[in-house]
1. Tell me whether the stretch B:209-216 contains one or more residues that are buried (at least 17 other Cβ atoms within 10 Å of the Cβ), in contact (Cβ under 8 Å) with a residue 24 or more places away in the chain and more than 14 Å from the chain's Cα centre (by Cα).
2. Output the residues belonging to the stretch A:103-112 that are facing chain B (nearest Cβ under 8 Å) and surrounded by fewer than 24 Cβ atoms within 10 Å (Cβ to Cβ).
3. In the set B:72, B:11, B:43, B:81, which member is under 30 Å from residue A:126 (Cβ atoms), surrounded by 16 or more Cβ atoms within 10 Å (Cβ to Cβ) and at pLDDT 90 or above?
4. Go over the candidates A:155, A:99, A:92 one by one and state the one that is more than 24 Å from residue A:195 (Cβ to Cβ), away from chain B (no Cβ under 12 Å) and touching a strand residue (DSSP E or B) at 6+ places or on another chain (Cβ under 8 Å).
5. Which one of these is crowded, with 17+ Cβ neighbours inside 10 Å and at pLDDT below 90: B:120, B:141?
6. So which residues in the stretch A:177-219 are in contact with a strand residue (DSSP E or B) (Cβ under 8 Å, 6 or more places away or on another chain) and within 14 Å of another protein chain (Cβ to nearest Cβ), if there are any at all?
7. Can residue A:156 be described as touching a residue at least 12 places away in the same chain (Cβ under 8 Å), in contact with a helix residue (DSSP H, G or I) (Cβ under 6 Å, 6 or more places away or on another chain), surrounded by fewer than 16 Cβ atoms within 10 Å (Cβ to Cβ) and in the same structural domain as residue A:78 (by TED's automatic domain parsing)?
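The values are calculated or read from the model by the stated rules, or taken from the named source; none is laboratory data. Everything numeric in this text was worked out from a predicted model, so none of it was measured. Here the Cβ positions follow ideal geometry from the backbone for every residue, glycine too, while neighbour counts run over all protein chains shown.
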């Protein structure tokens, strides 16, 4: 862990019993609310405990209104927690916001470049706010514009960039002061599939450099493909936290193992369902479907059952459980 | 520039300077629009009241001496106010552009202070632009005396500061769709009752109005300009003006910082 004055290296992130209640007057807002006089209370976070390791690629997964953006807001010093605490590295977001800001890079949900400046100036002034010396900043800007594939747009006005290019400019800007932790709030919303894949490549590369990356998303696939660990949150609460693979193994029904047999599968179901680790088995003509906690391990047993019933296995198909099925079972609703 | 790392203690100054450099860069790029927007109206007023009406004989020639300091005051005050308030309404309202500055590693009040300082500089610039042109249009002004440069400087800076901080308040309180309203409800009455087009002592004929206008900071800017530029004509004592402007600036800074924080953080 780094000292208060140094910002090299990497840092973890921790929240403890983090709670955020928004108080608004009058206007109806979404979310759970209790009436206290004229003011409405909206509980955005209800005691969130998270520990994100230094160098980790961490995902916050949840539907709109789950509290993802509030969490990012608190961790980036823009939202004050109602109670509880949060730290980035060893800096507290409330008592040492300036120290936190030096450690973090932030890519907002909607690109907010400085439209009065050119693309390159956006990077150079951002670096200047952080006290990065001019020569270093210019070299870094050159490199990042290359990396984000907008090197030819350096002197363009920001408004001339496409949505995907603006999003990449936001990432380049967030990296200009070499932050230890990079926060991205729904970075791929509004991007076309090609731009999204390109962004994934960039994010993986940034993580490979040893940076802590914290990303919110409501795309299952994105969390699955990019993140080392994923926190599923809904209504301000942490519902599950693990690697995508572990989370998926917690999905109800586990992995789906399909065996294509050379005859009716029905005689095999009873024996298959009795196998250890098999949660459920069903037959559909020549197809035996078994849901197994740990997909691959059930295969030998299933084959034995089939053979004992006089069936030969022609083909096997594995369908890993998805975060989507887990999410539905945890929250009772779908993402989006 | 060297590549030596910047110590954390130097960062507030470095950050402030970088924020100010950004505003100067943008202001320089938009200078023609800025000057047109902020000085055309007062200059047109000079053409009518400082040139046409005196020539027609409707207005005494001596009126130009009372008018010039007021015109300078208006240019100074409303350039300061606009250059802080207008970008801030847009930044907080829809573009969210200011977020990258709120994430700069400096205390929030430094970001707000930088905006105020940048507003002061733009106000002074507008006044310096208007002075020679107005003088040219009006012709010689006998009582104009530039013998009190320190008083001119103090009135100018404090006058700009009071309207720059007012810009901070308005820029963080007003919603984007209310900008037009700000001009008709706040700016227009301030100009008309700001003693810019007539000296404050002239209001003695309507005593209640003479005291009511004292809530308007433009009164002190106009009267201070008179005291500093045309000291032989009737005007409020300059020390009183400076005290009033200091008080107004202090109050608006405290209020503006509060509303700024309310918009910047939740």
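1. no
2. A:108, A:110, A:112
3. Values: B:72 fails: under 30 Å from residue A:126 (Cβ atoms); B:11 fails: at pLDDT 90 or above; B:43 fails: under 30 Å from residue A:126 (Cβ atoms).
Checking each option against the conditions leaves just B:81.
4. A:92
5. B:141
6. A:177, A:179, A:180, A:181, A:182, A:183, A:184, A:185
7. When the stated conditions are applied, residue A:156 passes them.
Residue by residue, here is whether (1) surrounded by fewer than 24 Cβ atoms within 10 Å (Cβ to Cβ); (2) modelled with pLDDT under 95; (3) on the phi > 0 side of the Ramachandran plot holds:
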{"position": "A:68", "(1), (2), (3)": "no, yes, no"}
{"position": "A:76", "(1), (2), (3)": "no, no, no"}
{"position": "A:89", "(1), (2), (3)": "no, yes, yes"}
{"position": "A:93", "(1), (2), (3)": "no, no, no"}
{"position": "A:118", "(1), (2), (3)": "yes, no, no"}
{"position": "A:121", "(1), (2), (3)": "yes, no, no"}
{"position": "A:131", "(1), (2), (3)": "no, yes, yes"}
{"position": "A:137", "(1), (2), (3)": "yes, no, no"}
{"position": "A:141", "(1), (2), (3)": "no, no, no"}
